[in-house]
Every structure is written in structure tokens, then in C-alpha cells.
Amino acid sequence: MPDTSPLDAYSAIVTTIADELTPRVAAVTVLDSTGRPRGSGSAVVFTDDGFLLTNAHVVGASAGGIAAFSDGSEARVDVVGRDPLSDLAVLRAHGPTPPAAKLGDADTLRVGQLVVAVGNPLGFAGSITAGVVSALGRSLPVRDRGTARIIDDVIQTDAALNPGNSGGALATADTAVVGINTAVAGIGLGLAVPINTTTRQIISDLITNGRVVRAYLGVGTRPAELPGPVAERVGRKHGLALLHVDPGSPADRSGLKVGDLLLWAGGAPTTTSQDLQRLMLADAIGQPLALTVVRNGAMVDVIAYPKELVGR
């Protein structure tokens, strides 16, 4: 039996993912209140009883639409809930759906790892593109009708994404869905919302309550190395660099600035975006949140008062 070439092995992985996930990723047409199409995207079946996962920006303010599957079947879908901060939305199908896709854990991803995007770009259903994880822990500032928000901890990939891919699956070699494709940031640059502990809780809240009550600080971050003297003083090498501070946000009003290195929030160390996200729960709304940053080599303490994120 001849040896399998690396290219054959790569092709086998991609085709396996395509075979497994193409039936489970629907093309979604979003309808307005009069029943007319107002947009489209993709959605992933993630439970066997007909729940689908997509982007909040795909469904917008719509109440529902039509999901079309690769076997030619269609189902009416209702929007169960949406969360603009994570750009996730949950749909419920009325009628049979394919078996659920397997959800993975994006926290196990490594830069350079093979990923495959499954979706419906430009109206071409069941399209497959492959690439690698280009970067992890990205932040994506988004503005919608004058309301700014930050999608944190985003996966960056070079798998080709085009309009219509939004809401589709980003999967690893074991066919696990580790991200929901969310945007095209530029040539050769795609982004996906990670599936991890934080987003699983968001999904659960959307199914149960139709919304996520959460606090909003208004910063975009990425992990960053601390200057040597600071690292020695605090006993760790990494903090969070503030890449974006939303004008008028609680972070802005507290005095936080782009370029600050966040060391602690609420008395807890901050080394990943999720360290900060875990604090943005309902009980943090309106309460003082102590933050310590490094600015121009000096430690600065500020107090922020997170507010409730009001979705659309």
C-alpha cells in the first residue's frame, strides 16, 4: 500500500469535515415583518431538537426567517435570542433538522492549526474553505446604528470568508465547531467568535431567557508582555493591552486610555480577555470595579462603573 502524501492527508481531513458539517450548516434567509427577505447568512445546527447558532448581525432586529439545508429541505426559524456583544444569536427551527454538529473548545486552539470554514458565501450553499488559525485573542470593534460594542477574544483565520459566511462554522480536524464566522476584516483575513466556556454560557442564557443580561465596560484588549520591572514587581509576565476604548463608555469615563496595560480588575489578575469578560456579569452593573493599569511605566488605579449592555 503506497504511503499517503501530506497533501492527501490534508485533503482527507478537509473532505471529512465537509462531509460531516455541510448538512448541518444551513443557508438562512432573514425576513422582515412583511415576510420579505432582508438579509442572509449561515447557521449551525447545534442541538438535535432544532436549535441553530448564528450571528446577531445576521438576524438583526428580525423575528425569524427560513433555513435551507443541503438535502433540499427547508424549515421556518424563529429568533430565540441575540447578544450583540458576542455577535451570537440562537434560532429555533419549526420542523425536522439534521443531527447536531459537535461543539468544540476554542481555548485549545493554537496559532498555525488547520481550520475549515463551512458556510454559504455569496449565495453559494455548502462552500468549504480551509486555512490556519492566524492569531488568537483578537478584539473586534463594531458599530451598529451609532452604538459601539467590542467583540473580544476573536479567532483570526486566513480561511477565505465572504458575505454569507457569517453565522457558519469554523471547525478543526476532528470536525468540532470551535467558532462561528463573524466578519471579513480584509483580504486574507477572517474572524470568528470562539466557542468556549464564556460563549457556551451566553448560548445557554439565550435559549433560556432570550437575552443575556451583562455588564459593559467598553474596551478592546489583547494579551501583552509586561515591561521587565513591572513583571518582576507583580510576579507574572503578561497583562492586557487596551487596543480600543469606546468613547463615552464606562472605561472612557473612568480614565482608561488606549495603550494602558491592565494588570488587575476587581482584585483579580488579567492576562486574557476572558479574565475581564468573566467579571462582566449582571451583578457588576452599576457597581464600582477597581482597575489597575500600567501607564508610562507607572501603576495607575481607577474605578469604573460598568453599565448594562443594551442589545437590539
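Here is how the numbers come out for the structure above:
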read-out	value
Total residues in the stretch 280-312, condition at pLDDT below 90 and assigned to a loop (DSSP other than H, G, I, E, B)	6
In the stretch 50-63, the residues that are part of a loop (DSSP other than H, G, I, E, B), of a type in the set (A, V, I, L, M) and within 18 Å of SER166 (Cβ to Cβ)	ALA61
Pair list, Cβ < 8 Å and 6+ apart or interchain, from the stretch 246-269 residues that are closer than 11 Å to VAL294 by Cα to residues that are assigned to a helix (DSSP H, G or I)	LEU261/VAL230; LEU262/LEU276; LEU263/VAL230; LEU263/VAL234
Qualifying residue in the stretch 280-297 (condition: touching an Asp or Glu at 6+ places or on another chain (Cβ under 7 Å), among the hydroxyl-bearing types (Ser, Thr, Tyr) and without any contact (Cβ under 8 Å) to a residue 40 or more places away in the chain)	yes
The listed residue being surrounded by 13 or more Cβ atoms within 10 Å (Cβ to Cβ), in contact with a Ser or Thr (Cβ under 6 Å, 6 or more places away or on another chain), not assigned by TED's automatic domain parsing to the domain that holds THR172 and not in a strand (DSSP E or B), out of THR16, THR29, THR22, THR47	THR22
Residues of the stretch 60-115 satisfying the condition of being modelled with pLDDT under 95 and on the phi > 0 side of the Ramachandran plot	GLY60, GLY72, ASP87, GLY95
Any hit, the stretch 32-43, residues being among the hydrophobic types (A, V, I, L, M, F, W, C), modelled with pLDDT of 95 or more and either within 22 Å of LEU140 (Cβ to Cβ) or more than 20 Å from the chain's Cα centre (by Cα) (or both)	yes
ALA101 vs. criteria among the small types (Gly, Ala, Ser), touching a residue at least 40 places away in the same chain (Cβ under 8 Å), in contact with a strand residue (DSSP E or B) (Cβ under 6 Å, 6 or more places away or on another chain) and assigned to a loop (DSSP other than H, G, I, E, B)	yes
The stretch 197-214, subset of a type in the set (A, V, I, L, M, F, W, C) and modelled with pLDDT under 90, residue nearest to PRO306 (Cα to Cα)	VAL213
Options VAL115, VAL132; residue that is within 16 Å of VAL193 (Cβ to Cβ), in the same structural domain as ILE202 (by TED's automatic domain parsing) and outside any loop (DSSP other than H, G, I, E, B)	VAL115
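The values are calculated or read from the model by the stated rules, or taken from the named source; none is laboratory data. Every value quoted in this text rests on a predicted model; they were computed, and no experiment measured them. For neighbour counting, all protein chains shown are included, and Cβ atoms are generated from backbone atoms with ideal geometry for every residue, glycine included.
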